[in-house]
């Protein structure tokens, strides 16, 4: 009789496992369907998307001031594969990211407690938002400055940069996706705290190791290993690390039924903002500075 009960329990366990596998299969298929739809839509707009991809490189080539610097295609199939296949593929990853992340959450949500399921919307918004923010940071800040530095090397010696679109696209994708994934650091820290695998105090005590890891990652992601381009990536990542620690600290306070002194923080941030606005006003009025769309944003 005990063996019979054991067999029934085993059957129930196997049924539960198969149900989980079926749910996983369904979520993967839905994620792939969403990605496929996004890819087909991006194929229709592949030419404008490729112009967007080339824009930072064109800006960097223009900044070198070297006559004749331009993009080239070394292979007849190079333009077809880059423009019609890989550019829509990368664009579809960013477009379908919210849908794919929703499918991930929908798969793990049934195993959570009701109080934990309320994190669904913050999870989706923060994860997709940070991924897109990382891509935008790489596109508008890190990648253009890195390419300007690299393409400008050798200019005084008469070296004309003629960049293959294949190699350029490879660098572009490595940086966009690398920074996009790296910007998920606050979400990772928060969920490690949520699962009680880490704590704010532990993270702060070992923050120096996290900073070293970020510097190593910066050296791997950025196209060059010079100090300036590494700092363009490492400084925001360090800030995001401490943002994640702060979010995990808020989670711990909530668990302990304590409240964070938001009023004092807002007063402090308002004071800092007032100082920055005052400094900007002095630069504009006294030194005749004006706003531009790139760093340092205020120039004479």
Mind checking whether some residue in the stretch 218-226 is farther than 19 Å from residue 183 by Cα, touching a helix residue (DSSP H, G or I) at 6+ places or on another chain (Cβ under 9 Å) and in contact (Cβ under 8 Å) with a residue 12 or more places away in the chain?
yes
Options 274, 239, 283: the member that is over 20 Å from the mean Cα position of the chain (by Cα), at pLDDT 75 or above and assigned to a helix (DSSP H, G or I):
274
Write out, first by first residue and then by second, each pair whose Cβ atoms fall under 7 Å of each other, whose residues are 6+ apart or on separate chains, and whose first residue, in the stretch 135-161, is assigned by TED's automatic domain parsing to the domain that holds residue 229 and modelled with pLDDT of 80 or more while the second is assigned to a helix (DSSP H, G or I) and surrounded by 19 or more Cβ atoms within 10 Å (Cβ to Cβ).
none
Of 106, 37, 31, 60, which residue is free of Cβ contacts under 8 Å to residues at least 60 places away in the same chain and assigned to a helix (DSSP H, G or I)?
37
For the condition modelled with pLDDT of 85 or more, outside any loop (DSSP other than H, G, I, E, B) and farther than 30 Å from residue 55 by Cα, what is the one hit in 250, 265, 188?
188
Extreme residue, surrounded by the fewest Cβ atoms within 10 Å (Cβ to Cβ), among residues of the stretch 173-184 that are in a helix (DSSP H, G or I) and within 9 Å of the chain's Cα centre (by Cα):
181
(1) part of a helix (DSSP H, G or I); (2) surrounded by 15 or more Cβ atoms within 10 Å (Cβ to Cβ): which one isn't true of residue 198, the others all being true?
(1)
Can you name the condition, by its number, that residue 251 falls short on among (1) surrounded by 12 or more Cβ atoms within 10 Å (Cβ to Cβ); (2) at positive phi?
(2)
Scan 17, 6, 61 and give me the residue that is surrounded by 10 or more Cβ atoms within 10 Å (Cβ to Cβ), modelled with pLDDT under 90 and touching a helix residue (DSSP H, G or I) at 6+ places or on another chain (Cβ under 7 Å).
61
Tell me whether the stretch 236-243 contains one or more residues that are touching a strand residue (DSSP E or B) at 6+ places or on another chain (Cβ under 6 Å) and surrounded by 13 or more Cβ atoms within 10 Å (Cβ to Cβ).
no
Residue 190 - would you say it is over 30 Å from residue 67 (Cβ atoms) and buried (at least 18 other Cβ atoms within 10 Å of the Cβ)?
yes
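The values are calculated or read from the model by the stated rules, or taken from the named source; none is laboratory data. All figures in this text were calculated on a predicted structure; none of them were measured in a lab. Cβ atoms come from the backbone with ideal geometry, glycine included; neighbour counts cover every protein chain shown.
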